[in-house]
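Everything on this sheet refers to the single structure shown next.
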Amino acid sequence: CAENRFRIIREIGEAVKAACGDHYPLLMKINVTDSGKTDAYYADLVTALTAAGELFDAVETSGWDAIVSGAAQKPYFIDVVKRLHSDVDVPLIEVGGFRNAESMLEAIRAGASAVSISRPLVCEPDFAAMIRDADDAVSKCKGCGYCLNPLDLSTMIRCPVADR
């Protein structure tokens with residue numbers, strides 16, 4: 001049964017809540033690109049972990065398989081969010097592939113409650129202010145994946161595209 005499959009995650013979440021208190025937001029990040037897993041599996045996972053006392057406050061969809069090299073054509077997990085959002089009773093956060101405000105709004109329209117960004121912030125730490133100030137702002141991030149590597153201490157370069 002789903003409850004037993006995800007027991008260790010639930011027990012860890014319960015321990016965190018016990019240590020930090022119910023007021024402390026607890027988010028779960030799940031890999032939604034595991035081969036062989038279905039949307040029903042992920043819906044069962046989210047439901048099992050949120051049903052008892054709403055343990056997790058939100059779930060972020062993620063996955064290694066979706067990390068692509070090159071500019072993202074669309075948010076990486078938008079198709080999963082579209083399918084899952086009506087089957088779960090917890091906010092979904094989508095991560096990956098956001099380079100402009102329009103792609104973020106696309107994810108929200110698809111059922112995400114929020115979006116999460118990373119690589120554009122490595123490239124341009126003021127990216128959030130850029131899209132706040134100009135609807136058509138686009139990150140210079142090319143999705144090359146350089147920032148996923150350990151920091152090269154000899155050059156101190158985290159992103160080859162970023163202004164130095």
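Numbers below:
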{"item": "Residues of the stretch 9-28 satisfying the condition of being in contact (Cβ under 8 Å) with a residue 24 or more places away in the chain and part of a helix (DSSP H, G or I)", "result": "ILE9, ARG10, GLY13, GLU14, LYS17"}
{"item": "Subset of the stretch 136-164 (residues that are touching a helix residue (DSSP H, G or I) at 6+ places or on another chain (Cβ under 6 Å) and of a type in the set (D, E, K, R))", "result": "LYS140, ARG158"}
{"item": "Subset of the stretch 68-126 [assigned to a helix (DSSP H, G or I) and open to solvent by less than 40 Å² (accessible area, probe 1.4 Å)]", "result": "ILE78, VAL80, VAL81, LEU84, ALA101, SER103, MET104, ALA107, ALA110, ARG119, PRO120, CYS123"}
{"item": "First in the stretch 145-160 and closer than 19 Å to PHE98 by Cα, second anywhere and of a type in the set (S, T, N, Q), Cβ under 6 Å, 6 or more apart", "result": "GLY145/SER69"}
{"item": "Which listed residue, of GLU60, GLU124, GLU94, is among the acidic types (Asp, Glu) and over 17 Å from TYR42 (Cα atoms)", "result": "GLU124"}
{"item": "Residues being of a type in the set (Lys, Arg) and loosely packed, with under 11 Cβ neighbours inside 10 Å - total across the stretch 127-164", "result": "1"}
{"item": "Single residue of the stretch 31-67 satisfying the filter (within 15 Å of the chain's Cα centre (by Cα) and assigned to a helix (DSSP H, G or I)) that is modelled with the highest pLDDT", "result": "TYR42"}
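The values are calculated or read from the model by the stated rules, or taken from the named source; none is laboratory data. Just so it is clear, the model here is predicted, and its values are computed rather than measured. Neighbour counts are summed over all protein chains in view; Cβ atoms, including those assigned to glycine, are modelled from backbone coordinates with ideal geometry. Heads up: the accessible areas ignore ligands, DNA and RNA and are worked out on the full protein's heavy atoms, side chains in. Shrake-Rupley method; radii C 1.70, N 1.55, O 1.52, S 1.80 Å.
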